[in-house]
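Structure first, then comments.
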Amino acid sequence: MTENYLPLEQYLRALPPSQEEVKLTFEHIEQILNDKLPAPAWDDRTWWGNQKQGTSVEVIAWMNAGWLVEIVDLRERWVRFVRQ
């Protein structure tokens, strides 16, 4: 996994085990990463997929932390993660 998404993995891992879901705006994710999300994150729902195969290194961050993307709202610019 590239180091770019490690802060997101650490953020999700640090959430209390009792927390079953978390909704984050794209802007909040950028703050966590201390970096901009790539253009596809803003307009391509598949960027937020839950598969570990392929070249989507960002997916590995949330899946390694034990989370899946449940809903992505590209219009409102937020994503809801749920525990696996």
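Contact map, the range 39-58: first residue among the aliphatic types (A, V, I, L, M), second residue modelled with pLDDT of 85 or more, Cβ cut-off under 8 Å, separation 6 or more or different chains; pairs are Ala41/Phe26; Ala41/Trp47; Ala41/Trp48; Val57/Asn4; Val57/Tyr5.
What are the residues in the range 10-41 that are over 13 Å from Leu74 (Cβ atoms), hydrophobic (A, V, I, L, M, F, W, C) and loosely packed, with under 13 Cβ neighbours inside 10 Å, if any? Hit for the range 10-41 is Ala14, nothing else.
Look through Glu20, Glu3 and report the one residue that is touching a residue at least 40 places away in the same chain (Cβ under 8 Å) and over 10 Å from the mean Cα position of the chain (by Cα).
Details: Glu3 fails: touching a residue at least 40 places away in the same chain (Cβ under 8 Å).
From the options Glu20, Glu3, the qualifying one is Glu20.
A count restricted to the range 42-57 and to residues that are surrounded by 12 or more Cβ atoms within 10 Å (Cβ to Cβ) and either at pLDDT below 75 or aromatic (Phe, Trp, Tyr) (or both) stands at 5.
The values are calculated or read from the model by the stated rules, or taken from the named source; none is laboratory data. A quick note: this is a predicted structure, and the numbers were derived from the prediction, not measured. Quick reminder, even Gly has a Cβ in these numbers, built from the backbone with ideal geometry, and neighbours come from all protein chains shown.
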